[in-house]
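Just so it is clear, none of the values below were taken in a lab; they were calculated from the coordinates. Because the structure is predicted, anything quoted here is derived from the model rather than measured. Cβ coordinates were reconstructed from backbone atoms using ideal geometry, including for glycine residues, and neighbour counts include every protein chain displayed.
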């Protein structure tokens, strides 16, 4: 906040003396009073800004000057002194001054050794440049978001208040003992839009201590805590028969309370493909977890499990009634999604029935005897049959 100190000093006596001397030299002394009245009123004016140390700057302005006359000027203060001289080229001039610390300063302006015109001005200390910043640290599924509030530009020994407001959340209070920077942890934040506000109240009471400047020194910033993205783990179950199917167990975590999620399975990577089975619905609760099984999946294929939900800011963001910090873009809707790939091996083939076969007699040492006996028996039977046949044939001949 700029402090402007003006010092006026009328130079009528000085200018009248100069005018009289000039007019007397020209033989026009009788006209001196009228000429003096026509001269402009001279004065000195200083415009300065505030200072945070020795960085104050301003402009020393001198008005009502006589062109062609030499002037000298000085500005002095505690541990500070500058000055110079110039020849007026017009009725006024400006001189830049800098390196000013907070405090009271004296000015002096004179023309060619005559009595100087004195004045003073004050350089105010700049109000602290209070800064507010918020760094989100963790997303939120319910009331587990985290952020770090950082206040800068604080004056140790002065008093401050801070306030944080958001969806179903409020925190704040007074800070009595501060350093130049303070970090405040914010925990238990639901997902949504917030603002953080801090104000410099006043310095400690005591001799020489002034109240905080008005209007109040404050800063604020808008920030958002993002809803967490879901996490997924899948466990596939292979089919166990030729006519069977496989399945997958889906375990979800980091689900946002109250958000409805859709869960479905397609061929791998084809999000718009035909789902296998019905699309399942899961609603997040305070635990942030859910489990479900998706079955009737043919073997010998690769699949993707898709999970999607939409979070919406409730209530919608409303700009706080403070000036500044207009660069915050609030959350409106956030897509929450995750996916996981898996594959099922081909189902086992159906068993094949073996063709019928003739059982051969056992062979080897233990099986030779029965085979030989069977062969001899057959030979014997064959020989007996042959003998009988021949006898019948011979008998037939004798009869004839």
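Please give the direction-averaged projected area of the C-alpha convex hull for the range 147-199, in square nanometres with one decimal.
Details: hull surface 13.7 nm².
Projected over every direction and averaged, the Cα hull of the range 147-199 covers 3.4 nm².
Any chance you could list the semi-axes, whole Å, largest first, of the equivalent ellipsoid that the Cα gyration tensor gives for the range 46-118, using √(5λ)?
Numbers: eigenvalues 118, 32, 15 Å².
They are 24, 13, 9 Å, listed from largest to smallest.
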When ranked by the protection proxy of mean other Cβ atoms within 10 Å per residue, highest first, what sequence do the peptides 165-175, 342-352, 216-226, 53-63 form?
216-226, 53-63, 165-175, 342-352
Relative pair counts by distance (%), Cα atoms of the range 231-344, 5 Å bins:
2, 10, 19, 18, 14, 10, 8, 6, 4, 3, 2, 1, 1, 0, 0
Could you please rank 249, 200, placing first whichever residue has the fewest other Cβ atoms within 10 Å of its Cβ?
249, 200
For the range 84-195, take every pair of Cα atoms, bin their distances at 10 Å starting from 0, and report each bin as a whole percent.
10, 27, 18, 11, 13, 12, 7, 2, 0
Considering the Cα trace of the range 131-225, what is its radius of gyration and what is Dmax, both in angstroms?
14.6, 52
